[in-house]
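What follows is one structure encoded as structure tokens, with my remarks underneath.
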Amino acid sequence: MVAMAKRLRTFRITFLDPSKTFYCGGERVCGHIEVEVNEVTRVSAVKVQGRGCAKVDYAKGKQRCKQEAEYLRHEEVLRLDGQPTDSDGSVVLRPGNKYEYAFGIDLPSSGLVSSYKGKFGYVQYFVKALLERADQPSLECKKPFEVEEPLDVNTPDLLSPTGGAKEKKVNIMFIPDGQVSLNAKIDRRGFCEGEDICINAKFENTCSRIVVPKAAIIAKHIYQANGRTKVSRQKLSAVRGNHIISGMCDAWQGKTIRVPKIKPSMLSCNIIRVEYALMIYVHIPGSEKLILELPLVIGTSGLGSRCNSVSSQEGSVSNASQSWVSLRMPSDPPSYTDITHDCRLEQPLTPLLDDFDGDESPIFMNTPSFTFPPPPVYTETEEEYNGAGRMLPVC
């Protein structure tokens, strides 16, 4: 490297359009190679290579799991117009001159996978330039570029609704303590970054504990090497609902979670896959979570149906509004004549509403008796429905 630095003043690759952030299959990667030398250098050939490969590398006990897959291989010899060559095709580069070699690499129209960099593997594309010299090591430099294959989510399969139901029986010291159940549905499986996922769900709690419904977008990175599979999970964004006490249920009507800025799903690579899922789950103190996973496909920006996303949100809000209308209170003002000033709790224990993700979270706490303040003066107000579900008794 030291000898190379002394011999070469400039040796770099420049793309024709530096502002281009990524390429797609079927496009042409164009640019030129700039060379300046500090001393007379005889070069037998100037070559350019285009390479693209996926690689997985991780440890499984004492064994090292490695796997590679190639997606791009291109090589050609470049010629410099007007540059005198010897009979063997070699050229002499002299100090004070600037040499530029133009190149163009055609990417395959199919078979490429998007660039990726993860904890246990990567998919990388780059252009490499080589100055070959007789009886001496070649001088080389390389420059990476990004590939993003289009993934359209406007297909009938990805535009169809999906959902599911789960339930879990809860025990206390091997004694049955009721159960927790959830039923959830989303209007489609395909989304793009920045879009909102509308969730319609119902949660029921018949155990003696306070439970908390939540939802999160999960990324699953799947690596395959030497016949083994390694999965890495990552939580990207999350929302939560209200606490649900014993004997109550809660409903989400159009509750939204936004897709963050993430890479599209990678489904065509032989050894690396990136999958996404909407995980709807219920936190149960002292017990394992009740989890329902709905698969998602994240497409490339610009190909997602923004209109479908907006219409689905409007539909969810409209349905929620209709449900809200059916739950509205009568127009007559409530009567306070039956309310007494002594509103002390009859039970010595009150559920603890703080949410803990640990398994050792307390379920109840001792609370001293207290008196509620007198009721406020009644005034007629109009409340705007924000789409949140109302907690109802389990029926």
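The values are calculated or read from the model by the stated rules, or taken from the named source; none is laboratory data. What you see is a predicted model; the values in this text were computed from it and never measured. FYI the Cβ positions are ideal-geometry reconstructions off the backbone, even for glycines, and counts take in every protein chain you see.
Suppose we filter 127, 147, 170 for residues that are at pLDDT below 95 and not acidic (Asp, Glu); which single one remains?
The match here is 170.
So in segment 35-54, with the set limited to residues that are buried (at least 17 other Cβ atoms within 10 Å of the Cβ) and closer than 30 Å to residue 149 by Cβ, which one is nearest to the chain's Cα centre (by Cα)?
Step by step, filter segment 35-54, then rank; the result is 54.
Looking at segment 210-222, which of the residues that are in a strand (DSSP E or B) and more than 18 Å from the chain's Cα centre (by Cα) is surrounded by the fewest Cβ atoms within 10 Å (Cβ to Cβ)? Before you say what the answer is, go through the steps one by one.
Quick first cut of segment 210-222, residues in a strand (DSSP E or B) only: 211-222.
Then drop every residue that is not more than 18 Å from the chain's Cα centre (by Cα), which leaves 211-213.
Numbers: 211: 28, 212: 23, 213: 28.
Ranking the candidates gives 212 first.
Could you say whether any residue in segment 168-187 is under 30 Å from residue 117 (Cβ atoms), in contact (Cβ under 8 Å) with a residue 40 or more places away in the chain and under 21 Å from the mean Cα position of the chain (by Cα)?
Of the residues in segment 168-187, the ones under 30 Å from residue 117 (Cβ atoms) are 186.
If we keep only those that are in contact (Cβ under 8 Å) with a residue 40 or more places away in the chain too, we end up with 186.
Then drop every residue that is not under 21 Å from the mean Cα position of the chain (by Cα), which leaves 186.
For segment 168-187, residues under 30 Å from residue 117 (Cβ atoms), in contact (Cβ under 8 Å) with a residue 40 or more places away in the chain and under 21 Å from the mean Cα position of the chain (by Cα): present.
Quick test for you: out of 152, 157, pick the one residue that is in a loop (DSSP other than H, G, I, E, B) and touching a Leu at 6+ places or on another chain (Cβ under 6 Å). Can you show your working first?
Details: 157 fails: touching a Leu at 6+ places or on another chain (Cβ under 6 Å).
So the residue among 152, 157 that is in a loop (DSSP other than H, G, I, E, B) and touching a Leu at 6+ places or on another chain (Cβ under 6 Å) is 152.
Restricting attention to segment 219-241, does a residue exist that is closer than 30 Å to residue 120 by Cα and touching a Leu at 6+ places or on another chain (Cβ under 7 Å)?
Let us first name the residues in segment 219-241 that are closer than 30 Å to residue 120 by Cα, namely 219-239.
Imposing the further condition that a residue be touching a Leu at 6+ places or on another chain (Cβ under 7 Å) reduces the set to 219.
Yes, segment 219-241 contains at least one residue that is closer than 30 Å to residue 120 by Cα and touching a Leu at 6+ places or on another chain (Cβ under 7 Å).
Could you tell me whether segment 199-206 includes any residue that is in contact with a helix residue (DSSP H, G or I) (Cβ under 9 Å, 6 or more places away or on another chain), modelled with pLDDT of 95 or more, of a type in the set (A, V, I, L, M, F, W, C) and closer than 17 Å to residue 276 by Cα? So that I can check it myself, show each step before the final result.
Of segment 199-206, the ones in contact with a helix residue (DSSP H, G or I) (Cβ under 9 Å, 6 or more places away or on another chain) are 199-200.
Restricting the remaining residues to those that are modelled with pLDDT of 95 or more gives 199-200.
Applying the additional criterion that residues be of a type in the set (A, V, I, L, M, F, W, C) yields 199.
Then keep just the ones that are closer than 17 Å to residue 276 by Cα; that gives 199.
For segment 199-206, residues in contact with a helix residue (DSSP H, G or I) (Cβ under 9 Å, 6 or more places away or on another chain), modelled with pLDDT of 95 or more, of a type in the set (A, V, I, L, M, F, W, C) and closer than 17 Å to residue 276 by Cα: present.
Which ones in segment 244-270 are out of contact with any Asp or Glu (no Cβ under 6 Å at 6 or more places or on another chain) and farther than 23 Å from residue 116 by Cα?
Correct list: 245, 246, 247, 248, 250, 251, 252, 253, 254, 255, 257.
Which residues, counting only those in segment 159-202, are of a type in the set (A, V, I, L, M) and more than 11 Å from residue 280 (Cβ to Cβ)?
159, 170, 172, 173, 175, 180
Need the failing condition index for residue 140 against (1) closer than 23 Å to residue 256 by Cα; (2) of a type in the set (Asp, Glu); (3) assigned to a strand (DSSP E or B), just the number.
With (1) closer than 23 Å to residue 256 by Cα; (2) of a type in the set (Asp, Glu); (3) assigned to a strand (DSSP E or B) applied to residue 140, the lone miss is (1).
What is the one condition in (1) part of a strand (DSSP E or B); (2) more than 30 Å from residue 50 (Cα to Cα) that residue 194 does not satisfy?
Residue 194 satisfies all of (1) part of a strand (DSSP E or B); (2) more than 30 Å from residue 50 (Cα to Cα) except (1).
Filter segment 223-253 down to the residues that are crowded, with 20+ Cβ neighbours inside 10 Å and either outside the structural domain of residue 281 (by TED's automatic domain parsing) or more than 16 Å from residue 279 (Cβ to Cβ) (or both) and list them by number. Explain how you work it out, then say what you get.
In the first step, residues of segment 223-253 are kept if they are crowded, with 20+ Cβ neighbours inside 10 Å; the result is 223, 225, 241, 244, 250-253.
If the condition is that a residue be crowded, with 20+ Cβ neighbours inside 10 Å and either outside the structural domain of residue 281 (by TED's automatic domain parsing) or more than 16 Å from residue 279 (Cβ to Cβ) (or both), then 223, 225, 244, 250, 251, 253 are the ones that fit.
Under the condition of being among the hydroxyl-bearing types (Ser, Thr, Tyr) and in contact (Cβ under 8 Å) with a residue 60 or more places away in the chain, which residue from segment 209-233 is farthest from residue 250 (Cα to Cα)? Spell out how you get there, then give the answer.
Residues of segment 209-233 among the hydroxyl-bearing types (Ser, Thr, Tyr): 223, 229, 232.
Of the ones still in play, those that are also in contact (Cβ under 8 Å) with a residue 60 or more places away in the chain are 223, 232.
Working: 223: 38, 232: 32 Å.
Among those that are among the hydroxyl-bearing types (Ser, Thr, Tyr) and in contact (Cβ under 8 Å) with a residue 60 or more places away in the chain, it is 223.
For residues that are in a strand (DSSP E or B) and aromatic (Phe, Trp, Tyr), scanning just segment 1-52, find the one that is nearest to residue 140 (Cα to Cα). Spell out how you get there, then give the answer.
Here is the first cut: in segment 1-52, the ones in a strand (DSSP E or B) are 8-15, 23, 28-37, 41-43, 45-52.
Right, trim to aromatic (Phe, Trp, Tyr) and you get 11, 15, 23.
Values: 11: 8, 15: 17, 23: 23 Å.
Ranking the candidates gives 11 first.
Take the conditions at pLDDT below 85, of a type outside the set (S, T, N, Q), over 35 Å from the mean Cα position of the chain (by Cα) and surrounded by 14 or more Cβ atoms within 10 Å (Cβ to Cβ) and apply them to residue 80. Does it pass?
Details: at pLDDT below 85: yes; of a type outside the set (S, T, N, Q): yes; over 35 Å from the mean Cα position of the chain (by Cα): yes; surrounded by 14 or more Cβ atoms within 10 Å (Cβ to Cβ): yes.
Answer is yes for this residue.
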